[in-house]
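Contents: one structure, followed by commentary.
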Amino acid sequence: TPPAPLTPPVSPPSMKVGVEDATSSASITLLVRAHTTIAALKEQVFREYGFHPRVQRWIIGQCLCLDERSVF
């Protein structure tokens, strides 16, 4: 019998995020899941990049997001 076809590994979904403050801006990529909340993403950005959750504002589709909102 022929070998089973190889399937590519499934990578976790990611989200490109624009980060800006009064003097600079950058683009970062975060790994996310559909049920990930904005609060959880704020904590992730704090751990990985040092932006405190209190100073973060998340906008998706021109809508300012509440911490309880999920990504998708």
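The values are calculated or read from the model by the stated rules, or taken from the named source; none is laboratory data. Just so you know, these numbers come straight off a predicted model, no measurement behind them. With ideal geometry, Cβ positions are generated from the backbone for all residues, glycine too; neighbour counts draw on all protein chains shown. When the accessible area is computed, the model is the full protein with side chains, heavy atoms only, and any ligands, DNA or RNA have been set aside. Shrake-Rupley method; radii C 1.70, N 1.55, O 1.52, S 1.80 Å.
Here are a few things to note about the model shown:
- This model, with +1 at the C-beta of Lys and Arg and -1 at the C-beta of Asp and Glu, gives segment 14-65 a dipole about its Cα centre of some 140 debye.
- Amide H contacts for Val32 (H built 1.01 Å from N in the peptide plane; partners 5 or more residues away or on another chain; cut-off under 5 Å): Ser14, Met15.
- Calculated P(r) of segment 14-65 - Cα pairs past 13 Å, %: 62
- Percent of Cα pairs exceeding the 16 Å cut-off, where the set is segment 1-43: 58
- Simple label model, 7 Å out from Cα along Cβ direction - Gln56 to Glu68, nm: 1.9
- Residue-averaged [θ]222 nm for the chain, counting only DSSP H segments that reach four residues, each worth -39500 (n - 2.57): -5000 deg cm²/dmol
- Heavy atoms of the protein chains alone define the surface here; on that basis segment 14-65 has 72 Å² accessible area per residue at 1.4 Å probe size.
- Cα long-axis angle, helix 38-49 against the chain (0 to 90 degrees, to the nearest 10): 90
- Accessible surface of the chain [probe 1.4 Å, protein heavy atoms]: carbon and sulfur percent: 59
- Label reach from Ala34 (point 7 Å along Cα→C-beta): in segment 54-69, amide nitrogens under 20 Å belong to 60-61, 68-69.
- Scanning the chain for trypsin sites (Lys or Arg not before Pro) that sit in a DSSP loop and have at most 16 other Cβ atoms within 10 Å, the longest stretch containing none of them is 1-32.
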